[in-house]
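See below for the structure under consideration.
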Amino acid sequence: MRPESPTGSHLDDIPASGHARNVTRINWLLRPLDDDLSDVVVEAHGARRRHAAPLEEFRHDPKEALPADFPEITSFTVSRMSHLGLQKTTKGKDSFINSVMVALDEFYAMIHQRQRTWTPPAPQYRSRPDEARGDEVYSSEELAAAATENPGELEELPAPTPEG
């Protein structure tokens, strides 16, 4: 039996999202990844600390996967273990070069391609305060009804002046 040497394909320093809680940052990272990635390890980086765990642990319960006193996550490293071939030629499926190319292609397709840079949400639209907020607004029907009931109460509007 020939031993196979493992290799890792990894994606370094994925900046963490700008969310406030670590659990939300982990969920943001894991959301685009498939559920069946059993050979993936996620490493969370905080201020002077790192913690690595298999993807299943982070998916099962992100709160349990990180230590309780873990600082704010600043970035992630995602790694995937795969086996390399031992043959030095490029012929055959056990060749070293072919196995590296397959590992990189699979890692890119299953993990790297699906990750997006976090962008903050768009600012919320704030309506401008109405200048006439204190003024009462009437519809034309209400004004017409008031004019017929009390013709002396409504002031006559000035005639429009030509602009020029």
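Couple of notes before you dig in:
- Of residues in the range 82-129 being within 35 Å of the chain's Cα centre (by Cα) and of a type in the set (Phe, Trp, Tyr), the one surrounded by the fewest Cβ atoms within 10 Å (Cβ to Cβ): 125
- In the range 32-48, the residues that are at pLDDT 85 or above, of a type in the set (D, E, K, R) and more than 14 Å from residue 13 (Cα to Cα): 39, 48
- Residues of the range 75-129 that are of a type in the set (Lys, Arg) and closer than 30 Å to residue 29 by Cβ: 80, 114, 116.
- Looking only at the range 55-114, and only at residues there that are free of Cβ contacts under 8 Å to residues at least 12 places away in the same chain and of a type in the set (Lys, Arg), the one that is nearest to residue 16 (Cα to Cα): 93
The values are calculated or read from the model by the stated rules, or taken from the named source; none is laboratory data. All values derive from a computational prediction rather than experimental measurement. Cβ atoms come from the backbone with ideal geometry, glycine included; neighbour counts cover every protein chain shown.
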